[in-house]
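Working notes, beginning with the structure itself.
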Amino acid sequence: MRNELILRGRLVSATMDVPDGVLAVDAGLVTYAGPTSGFPGKPTPAHGEPQRILLPGLVDLHCHGALGSDFSEGSLDGARSAARQLHSRGTTTLLASLVTGTPDDLIRNLKALRTLTDEGLVAGAHLEGPFLSPEQCGAHDPGLLREPDAALLARLLDAAGPHLTCVTLAAELPGAVKLMQILAARGIIPSLGHTAADARTAAAFLEEAAVGLAGPSNSTGRLRPTVTHLFNAMPSLHHRSPGPVAASLSAARAGNAVVELIADGVHLAPETVKMVFELVGAENIALVTDSMAATGLQDGQYRLGALAVTVEGGVARVEGSGAIAGGTAILLDVVRATVAAGVTLQEATTAASAVPASVLGLSGQVGDLREGMHADVVVVDEDLQLAGVLRRGEWVTPPARGA
């Protein structure tokens, strides 16, 4: 206990909301998290300090890059820079997402992310393409999309090694169910997205994916399929054609799927975000950023995979089509926007930490403030502005004096 770090403040996580709490850290792990009155040691004084809130390190299932670098570039140095930037802003665990590319580019990029995963900078790779609907391609190059192909998937699996964690599929494409079955049997999360599927097809896809992940061959702890950025890159909910939105909400409400929400104030209206929390519950939602290279930088010209992107006013759009091209917010910004939409801080924090950690099968390591877990902590003030980030027990963003 010689190197024990003790933090004091309001503790907010999926399992607690303690107004006056203590968090103790030693050797990179949480050794105590709970009320000050129950702490066996000597807590830091509370008087004279600004009120601070201690959140678990945030977990992002869907981000493409930051600080001028895109995980789809295949650059190890650029990918490391992006991951470390995201860590420093409170996203201490993340999946690195890849947009649609040529098979050779995807293989190159997966090999780079395999290295980053081995280095502990990312939690794995997420393939958002190429098995997507041309009708709902969003910011993916439609010329590079492919119908589901088991032979290509085998090459991608070989390149990624054990670190391919999630694959987005359009359920209605020929061969999509076969690929979903292959992925689920390996414990790789099938994610419904960029899809024009009708409600019945989408529901069947999610149901079978959940059954597959629950099978005896999956030892990863990943047990629920996801829905890639619900509402975005799929048909709108219509009363005579409910489509994938209705199927996804039903599956999430039943606890059989987790829906991603890009609740950054650009991709979804605040009222929509609040409605989904009220309908399916925080335990079935993963807040995500879909962040791209412009995250952490100013407006300007960027690239997302093969496509040119213009960022103006913090909104990224594909040149020519005008499609929204991912996000420029960090996950803490999304949490703040979610709270502003009327969701409680505990619910928003749960959806940005515990739920995505459970999707990844990492609930025993990250996503909460419990004894024995990695000491990943985000320190914020009462306005949810960043004041410090602890990752694996080390300050990656040291707290300001007095914070």
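The values are calculated or read from the model by the stated rules, or taken from the named source; none is laboratory data. Predicted model only: the values in this text are computed from it and were never measured. Counting neighbours? That spans all protein chains shown, and the Cβs are built from the backbone with ideal geometry, glycine included.
When you scan the stretch 284-291, do you find a residue that is part of a helix (DSSP H, G or I), touching a residue at least 60 places away in the same chain (Cβ under 8 Å) and within 17 Å of the chain's Cα centre (by Cα), even just one?
Among the residues of the stretch 284-291, at least one is part of a helix (DSSP H, G or I), touching a residue at least 60 places away in the same chain (Cβ under 8 Å) and within 17 Å of the chain's Cα centre (by Cα), which makes the answer yes.
Where residues in the stretch 342-365 are of a type in the set (A, V, I, L, M) and assigned to a loop (DSSP other than H, G, I, E, B), which of them is surrounded by the fewest Cβ atoms within 10 Å (Cβ to Cβ)?
Across the stretch 342-365, the extreme among qualifying residues is 362.
Just checking, does the stretch 376-388 include any residue being outside the structural domain of residue 137 (by TED's automatic domain parsing), modelled with pLDDT of 95 or more and polar (S, T, N, Q)?
Yes, the stretch 376-388 contains at least one residue that is outside the structural domain of residue 137 (by TED's automatic domain parsing), modelled with pLDDT of 95 or more and polar (S, T, N, Q).
Can you confirm whether residue 353 is farther than 19 Å from residue 53 by Cα and within 22 Å of the chain's Cα centre (by Cα)?
For residue 353, the condition - farther than 19 Å from residue 53 by Cα and within 22 Å of the chain's Cα centre (by Cα) - is not met.
Would you pick out the residues in the stretch 41-63 that are modelled with pLDDT under 95 and either acidic (Asp, Glu) or in the same structural domain as residue 114 (by TED's automatic domain parsing) (or both)?
49
Here is a list: 252, 246, 233, 203. Which entry is surrounded by fewer than 19 Cβ atoms within 10 Å (Cβ to Cβ) and either outside any loop (DSSP other than H, G, I, E, B) or touching a His at 6+ places or on another chain (Cβ under 6 Å) (or both)?
Of the residues listed, the single one that is surrounded by fewer than 19 Cβ atoms within 10 Å (Cβ to Cβ) and either outside any loop (DSSP other than H, G, I, E, B) or touching a His at 6+ places or on another chain (Cβ under 6 Å) (or both) is 246.
What are the residues in the stretch 255-283 that are outside any helix (DSSP H, G or I), under 27 Å from residue 203 (Cβ atoms) and touching a residue at least 24 places away in the same chain (Cβ under 8 Å), if any?
255, 256, 257, 258, 259, 260, 261, 262, 263, 267, 268, 281
With the condition kept exactly as written, say whether any residue in the stretch 41-57 is in contact with a helix residue (DSSP H, G or I) (Cβ under 6 Å, 6 or more places away or on another chain) and not in a loop (DSSP other than H, G, I, E, B).
Among the residues of the stretch 41-57, at least one is in contact with a helix residue (DSSP H, G or I) (Cβ under 6 Å, 6 or more places away or on another chain) and not in a loop (DSSP other than H, G, I, E, B), which makes the answer yes.
Could you list all residues from the stretch 207-230 that are in a helix (DSSP H, G or I) and of a type outside the set (Val, Ile, Thr)?
207, 208, 209, 210, 212, 213
Can you tell me which residues in the stretch 253-295 are among the acidic types (Asp, Glu) and closer than 30 Å to residue 81 by Cα?
Across the stretch 253-295, the qualifying residues are 260, 264, 290.
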